[in-house]
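Shown next, in structure tokens, is the structure this report addresses.
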Amino acid sequence: MKIAFLTPEYPHPKTGSSGGLGTSIKNLAMGLLAEGCSVRVLVYAQKEEGVFYDNGICIQQIRNVKFKGLSWYLTRKKLENIINTLHEDKEIDLVETPDWTGITSFISPKKCLVVIRLNGSDTYFCHLDQRPVKWVNRFHEKRALKNANGLLSVSQFTADTTNEVFGLAKKFTIIPNGIDTDVFNYNSDDNSNNKNINANKNKNNILYFGSLIRKKGLLELPFIFNAVVAKKPEAKLILIGKDVPDIISGDGSTWRLMQNLFTPAALLNVTYLGAVPYHDIKNQINAATLCVFPTFAEALPVSWIEAMALQKPIVSSNIGWAPEVIDEGVNGFLVHPKDHLQYAARIIQLMDDDELQKDFGLAAKKKVSEKFSMEKVAQQSLVFYQSLIQ
């Protein structure tokens, strides 16, 4: 099959910054290539037009149309024409796109099928954040879902919540995000620094990696860590990720807000490394004792799966999607982010118990290989695509 992905982000220096969405698309694309598919990624909102290849994946950069008052419509029509041309030239069989901002709301290809995979729309995240959504985003997202030929979701929770917030009753096929388990492999020696990092591993290191943003629980994490340090003064918190402006307070830095919430003793034990290159994340995970993700809003987070693949025990949020990734007491602990003392207690429990760390880590890696490998996700996705075309 010939699959296209329409996306606002893709992890490559030429296409700009990318988050978990872009990473999940690349992982799926690589898995589909291994299954013998042809893959093209259409990246819109680019600074320039261009086509290049990334490990066999054709990347097409597309500039948005700039025209006051009509940019959104003209850009969609431009994308529609590109999709139609590619389909007519037999370059693609179908196009998949995420639900974010409903880019396909006014894209109606002549014959090419459109699949939407839920990774969390703006309406979905605003609902979880309990804040208003822009009416225009809600309008486009709902229209796109109603017009799609096929619907996927990375978690059952995201599917159910999406139906709820839009007043829909759509059927979604659940296929989770996947990762490249050859890259995130605990036993891999592909990076010469791995042995040194593991040898110098500090058994007191607690790692968070991801954007520093309110919806991921970063304004709860200081209170959690304060409680940890009160019991274990040697504990260290490592933060990795882009510092994001806070949408509620209007402050331009979530990290600045966080610093005011730590006790003086706890702040001394916090290291913020900022955003690091994606290929360095594995080393940082390897150097940690455990990972924490006290988030309020996700669809199905790739970061959790990457940590699990590297046999790291996790203390995560217990909200919605979380039990679809973490099995409580088997490969991690699930705690509500606002239950600071219980969250801290679970962190301390893991820090004090090497055997429990090991048991959780092995169980986590096993679950990733069984459910979240990009090979399995690609195979499931291919079966779904084929069911639409037949």
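Every number here is computed from the coordinates shown, using simple stated rules; none is lab data. A quick note: this is a predicted structure, and the numbers were derived from the prediction, not measured. Because the Cβ atoms are built from the backbone with ideal geometry, glycine has one as well, and the counts that use them run over all protein chains shown.
Values computed for the structure shown
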{"read-out": "Calculated P(r) of the stretch 57-103 - Cα pairs past 13 Å, %", "value": "65"}
{"read-out": "Bridge type composition, the chain - antiparallel percent by DSSP, nearest 5", "value": "10"}
{"read-out": "Magnitude of the charge dipole, the stretch 237-390, Cβ model with Lys/Arg +1 and Asp/Glu -1, debye to 20", "value": "240"}
{"read-out": "Full-stretch length increase - Lys68, Lys111 - with 0.36 nm per residue and alpha-carbon distance subtracted", "value": "12.4 nm"}
{"read-out": "Lys, Arg +1 and Asp, Glu -1 on Cβ, resulting dipole of the chain about Cα centre, debye, nearest 20", "value": "1060"}
{"read-out": "DSSP bridge pairs, the stretch 24-102: antiparallel proportion in percent, nearest 5", "value": "55"}
{"read-out": "Candidates Asn260, Asn27, Asn226: whichever shows maximal mean-square fluctuation once the chain is modelled as a Gaussian network with Cα springs under 10 Å", "value": "Asn260"}
{"read-out": "Gap separating the Cα centres of the stretch 146-172 and the stretch 219-269, nearest whole Å", "value": "35"}
{"read-out": "Normalised contact order of the stretch 194-372, rounded percent, pairs of Cα under 8 Å and 6 or more residues apart", "value": "25"}
{"read-out": "Peptide ranges 232-245, 321-334, 57-70 listed from the most packed, as the mean C-beta count within 10 angstrom indicates", "value": "321-334, 232-245, 57-70"}
{"read-out": "For the stretch 194-372, fraction of C-alpha pairs farther apart than 28 Å, in %", "value": "15"}
{"read-out": "Phi-based couplings in Hz for the stretch 157-167 (Karplus 6.51, -1.76, 1.60; Gly and Pro marked x)", "value": "4, 5, 5, 5, 5, 4, 4, 5, 6, 9, x"}
{"read-out": "Cα-based Kirkwood hydrodynamic radius, the chain, one decimal, Å", "value": "21.8"}
{"read-out": "Given charges at beta-carbon only (K, R positive; D, E negative), |dipole| of the stretch 1-156 in Debye", "value": "600"}
{"read-out": "The chain: relative contact order as a whole-number percent, Cα under 8 Å and 6+ apart", "value": "15"}
